[in-house]
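This report refers to the structure that appears directly beneath it.
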Amino acid sequence: MSGIWRHRIFAIWLGLCCAAMATPGAAQDASLVRSPVLTIDSEKLYSDSLFGKRVQNEFEADVAVLEAENRRIEAELIEEEKQLTEKRAKMTPEDFRVLADEFDAKVQRIRNEQATKLRNLAQTNDAGRRQFLQAISPILEGIMTDAGAAVIVESRNVFLSAKIIDVTEDAVARIDDQIGDGAQLTEAPPE
């Protein structure tokens with residue numbers, strides 16, 4: 001039997017076992033679910049949490065500021081290029097080439113600076129996600145303990161499962177309750 005079929009059969013078996021263990025009362029209260037395996041949608045966990053929303057909103061606001069700065073710089077460079085073009089008729093080709101080369105170097109420098117700013121924003125956003133993952137580890141461990149689980153797996157990597165073992169919503173609620181938007185947390189210094 002190939003590995004993929006073994007995984008599918010195990011997932012079906014696990015889903016059936018979990019469905020059989022679930023009683024009508026347990027289906028209403030996710031905290032009563034007992035399962036050795038739980039699933040979670042990590043993207044939804046992050047994007048639906050107050051912490052993830054704060055980090056994403058800050059990133060989008062910073063990107064909007066950078067985009068406005070880029071538009072302002074672009075307008076200034078267009079005006080400078082226009083003035084340079086107007087001077088061209090009154091200059092020798094050699095003198096114009098010097099000014100044109102200086103302008104090209106300036107444009108390239110500005111492009112590099114703005115690209116660096118965007119990379120720095122992306123790195124800050126990634127650091128926020130890493131901080132989120134560090135902060136929620138104890139919360140997810142608590143969910144595992146409450147459920148008697150040995151593992152939480154990414155729901156997108158599961159072929160088939162009973163919905164009752166998905167703890168994403170419970171995790172978001174606990175995260176929001178325990179760490180809120182995470183603004184009070186500071187990233188641990190690098191070791």
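Take the conditions assigned to a helix (DSSP H, G or I), in contact with an Asp or Glu (Cβ under 9 Å, 6 or more places away or on another chain), acidic (D, E) and more than 30 Å from R72 (Cβ to Cβ) and apply them to E169. Does it pass? Step through it out loud before you land on a result.
Numbers: assigned to a helix (DSSP H, G or I): yes; in contact with an Asp or Glu (Cβ under 9 Å, 6 or more places away or on another chain): yes; acidic (D, E): yes; more than 30 Å from R72 (Cβ to Cβ): yes.
So E169 fits the description; yes.
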Could you figure out which of (1) exposed (fewer than 14 other Cβ atoms within 10 Å of the Cβ); (2) touching a strand residue (DSSP E or B) at 6+ places or on another chain (Cβ under 9 Å); (3) not polar (S, T, N, Q) isn't true of L133? (2)
Name the single residue that is nearest to the chain's Cα centre (by Cα) among those in the stretch 62-75 being surrounded by 11 or more Cβ atoms within 10 Å (Cβ to Cβ) and free of Cβ contacts under 8 Å to residues at least 60 places away in the same chain. V63
Regarding the stretch 112-123, can at least one residue be identified that is farther than 28 Å from P36 by Cβ, of a type in the set (D, E, K, R) and surrounded by 14 or more Cβ atoms within 10 Å (Cβ to Cβ)? yes
Looking at the stretch 156-191, which of the residues that are over 19 Å from G52 (Cα atoms) and of a type in the set (S, T, N, Q) is modelled with the highest pLDDT? N157
Pick out the one residue from V37, V55, V33 that is in contact with a strand residue (DSSP E or B) (Cβ under 6 Å, 6 or more places away or on another chain) and either surrounded by 13 or more Cβ atoms within 10 Å (Cβ to Cβ) or not hydroxyl-bearing (S, T, Y) (or both). V37
Identify, by number, the condition in (1) closer than 24 Å to D62 by Cβ; (2) in contact (Cβ under 8 Å) with a residue 40 or more places away in the chain; (3) not polar (S, T, N, Q) that R156 doesn't meet. (1)
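Quick grid of which residues meet (1) among the acidic types (D, E); (2) within 14 Å of the chain's Cα centre (by Cα); (3) more than 30 Å from E154 (Cβ to Cβ); (4) not in a helix (DSSP H, G or I):
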site: L45; (1), (2), (3), (4): no, yes, no, no
site: N57; (1), (2), (3), (4): no, yes, no, no
site: E80; (1), (2), (3), (4): yes, no, yes, no
site: E86; (1), (2), (3), (4): yes, no, yes, no
site: A100; (1), (2), (3), (4): no, no, yes, no
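Got a sec? Which of A135, A89 is closer than 28 Å to I179 by Cβ and among the aliphatic types (A, V, I, L, M)? Reasoning before the result, please.
Details: A89 fails: closer than 28 Å to I179 by Cβ.
The conditions single out A135.
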Which residues, taken from the stretch 138-166, are in a helix (DSSP H, G or I) and among the charged types (D, E, K, R)? E141, D146, R156, K163
Looking at T116, T124, can you tell me which residue is modelled with pLDDT of 95 or more, assigned to a helix (DSSP H, G or I) and under 30 Å from R174 (Cα atoms)? T124
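The values are calculated or read from the model by the stated rules, or taken from the named source; none is laboratory data. Please read all numbers here as calculations on a predicted model, not as lab measurements. In this analysis, Cβ positions are derived from the backbone assuming ideal geometry, glycine residues included, and neighbour counts consider all displayed protein chains.
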